[in-house]
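Below is one structure; the comments refer to it alone.
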Amino acid sequence: MVRNEIPHNSQMLVFANTVNEINGYREATGIPKAKFYLVVETEGDFPHNVFDVSFKNKEIHYEFLGKAYNQQEYVDIFSN
């Protein structure tokens, strides 16, 4: 899904589109935009791969933010 090797499921499309619509309103009213993060875990444990998800031109785009090997690294990804 992240590498566009398989089609996006309907849940990802709905979440990405919803955040995109919310941000259209927020941008027009001067409110900070919402973020949509995807965290991919390895069997419920570290490492975690973190992606920023956006929806543009009817397509989902993933930006890799980092890989966390422990709780502190995980927090640091969102603190930057």
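Every read-out reported here was derived from the displayed coordinates using simple, explicitly stated rules and does not represent laboratory data. Keep in mind the model is a prediction, meaning the values are calculated, not measured. Cβ coordinates were reconstructed from backbone atoms using ideal geometry, including for glycine residues, and neighbour counts include every protein chain displayed.
Taking each residue as 0.36 nm, the span from residue 80 to residue 17 lengthens on full extension beyond its C-alpha to C-alpha distance by 20.2 nm. Here the label points at residue 69 and residue 41, each 7 Å from Cα along the C-beta direction, are separated by 2.0 nm in the simple model. Against the main long axis of the alpha-carbon atoms of the chain, helix 10-29 sits at an angle near 60°. Taking a sphere under 12 Å around the Cβ of residue 37 and counting the other residues whose Cβ falls inside, with K and R at +1 and D and E at -1, yields a net charge of -1. Using a 7 Å offset from Cα along Cα-Cβ at residue 27, what residues in the stretch 49-66 end up with backbone N under 13 Å from the label point? The answer is 54-58. Look at the alpha carbon pairs under 8 Å that are at least 6 residues apart: their mean separation over the length of the stretch 10-79 gives a relative contact order of 23 percent. Checking every one of the trypsin sites (Lys or Arg not before Pro) in the stretch 1-65 against DSSP loop status and a limit of 10 other Cβ atoms within 10 Å picks out 3, 58.
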